[in-house]
Amino acid sequence: MNTRILSTVAVLGLVAGGAAFAQQQTFISIGTGGVTGVYYPAGGAICRLVNAGRSEHGIRCGVESTAGSVFNLNSIRAQELEFGVAQSDWQFHMYNGSSQFEADGAYEDLRAVFSLHPEPFTVVARADAGISSFEDLEGKRVNIGNPGSGQRGTMEVVMDAMGWDMSTFSVVSELQAGEQAQALCDNNIDAMVYTVGHPSGAIQEATTACDTVLVNVDNDVIRALVDDRDYYRMATIPGGMYRGTDADVTTFGVGATFVSAAWVDDDVVYELTKAIFEGLDTFKGLHPAFEILNAEEMVSDGLSAPLHAGAERYYREAGLID
Ligand code: GLU
């Protein structure tokens, strides 16, 4: 039994007049990703809005930097985290017990809260590595992502579809998301893979600290993957967003989603959801990847697990769902 489950503690304080009172506090943690990704600032933005209303609802929100989507989902299942950010493909697989989650089976208590920004599958290569398309990764030194990250899982699916395995590359590394840019610029790898919102700190680092290019990930295999699966779609990274890449980049992508579980208290999820949607304009200003968010899409896009009852209650009250 986990001891961190919504630990509710009574905190004793003194009011000005000296009378003692007890205030209930509920602690929640959000699993995110590497600090130079977008999940980590997303978690920070969510907590900022939640914590602004702490005196009314008593919820204290904290953010954890983690290995990424798959780690966050597994931690929610283990009741070690109340909330997490996760790619739409891995949300689907955990709820259905498919792909990486086949051995553990479906997690039917997984709940969707809302969706966030799009996450293109982003490949950055050294300009001197002779890589101008995704297929050119064959024979190169490639960071395929750390275990527990969404990009690692998605890269494995893509590798399978391409008929690739670890021997396809001359060197395979499993660096954390936040370590990839430096490895690229130190010439320890030729290319890095990151499923991430844009602009992100990590891609900015990789494109400004040395000469690199963003690579198209678009071929018949990728198009077939996207056609067969609702949680993938083709995606564009606008030209000019990063140094070295002036033309639009075509790839496929997923969506970042915010998830929880049925065991997390309805009132807590309700208050969190309300804080985000009532503060949506503020939220959108907290990271450039959030500028395009809109409430209607956030309650449905890329969500394959059922909505959490607390989130659903707020969406009904707000007229966002029937
Ligand atoms: N999509 C990545 C993952 O699932 C994380 C991206 C980010 O941290 O913004 O692990």
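Taking the chain as a Gaussian network, Cα atoms linked when under 10 Å apart, which of V269, V70, V171 shows the biggest mean-square fluctuation?
Among V269, V70, V171, the largest mean-square fluctuation in the Gaussian network model of the chain belongs to V171.
Among 91-98, 311-318, 250-257, how do they line up by average Cβ neighbours within 10 Å per residue, starting with the highest? Write out the running numbers ahead of the final one.
On the way: 91-98: 21.9, 311-318: 18.6, 250-257: 23.8.
Order by mean packing, descending: 250-257, 91-98, 311-318.
Toward the positive end of the charge dipole of the chain, about the Cα centre and with charges on Cβ (Lys, Arg +1; Asp, Glu -1), which of V171, L272, S200 goes farthest?
L272
Measuring from label point to label point, each 7 Å out along Cα→Cβ, what is the S300 to Q204 span in nm?
Rounded to a tenth, the inter-label distance reads 3.4 nm.
Label point 7 Å out from I321 along Cα-to-Cβ: which residues of the stretch 280-306 have amide N under 14 Å?
296-306
In what sequence do W263, W164, W90 fall when counting other Cβ within 10 Å, fewest first? Mind dumping the intermediate values first?
Numbers: W263 13, W164 19, W90 27.
Result, fewest neighbours first: W263, W164, W90.
Once every Cα of the stretch 160-264 carries one equal point scatterer and solvent is ignored, give the base-10 log of I(q)/I(0) from the Debye formula at q = 0.10 Å⁻¹, two decimals.
-0.35
Please label the shape of the stretch 196-322 as rounded, prolate or oblate, based on the square roots a ≥ b ≥ c of the eigenvalues of the alpha-carbon gyration tensor (a/c under 1.5 means rounded; beyond that, a/b larger than b/c means prolate, else oblate). Spell out each step's value before the answer.
On the way: a/c = 2.73, a/b = 1.71, b/c = 1.60.
Verdict is prolate for the stretch 196-322.
Note the direction-averaged projected area, equal to a quarter of the hull surface, for the Cα convex hull of the stretch 83-228, in nm². Kindly include the intermediate steps, with their values, before the conclusion.
Working: hull surface 36.2 nm².
Directional mean of the projected Cα hull area for the stretch 83-228 stands at 9.1 nm².
With the crude spin-label approximation of a point 7 Å out along Cα→Cβ, what separation in nm comes out for R223 versus R54?
Reported label-point gap for R223 and R54 is 5.3 nm.
Between E80, E296, E119, which gets the highest mean-square fluctuation from a Gaussian network model of the chain, Cα cutoff 10 Å?
Result: E296 has the largest fluctuation of those listed.
For a bin width of 20 Å, list the pair-distance distribution of the chain built from all Cα-Cα distances, rounded to whole %.
Going from the shortest bin to the longest, the percentages are 33, 54, 13, 1.
Quick one, can you get me the convex hull of the C-alpha atoms of the stretch 98-165 expressed as volume per residue in Å³? Write down the numbers at each step before the final one.
Working: hull volume 8.6 nm³, N = 68.
Each residue corresponds to 127 Å³ of Cα convex hull volume.
222 nm [θ] for the chain, helices only, -39500 (n - 2.57) per DSSP H run of 4+, per residue, to 500? Mind dumping the intermediate values first?
Values: 12 runs with 103 residues, N = 322.
For the chain, the value works out to -9000 deg cm²/dmol.
Along the Cα→Cβ direction, 7 angstrom out, place labels at A309 and T250. What is the inter-label distance in nm?
According to this spin-label approximation, the distance is 4.7 nm.
Could you list, bin by bin from short to long, the percent of Cα-Cα pairs of the stretch 63-110 in 10 Å steps?
With a bin width of 10 Å, the distribution comes to 29, 60, 10.
Every number here is computed from the coordinates shown, using simple stated rules; none is lab data. Just so it is clear, the model here is predicted, and its values are computed rather than measured. For neighbour counting, all protein chains shown are included, and Cβ atoms are generated from backbone atoms with ideal geometry for every residue, glycine included.
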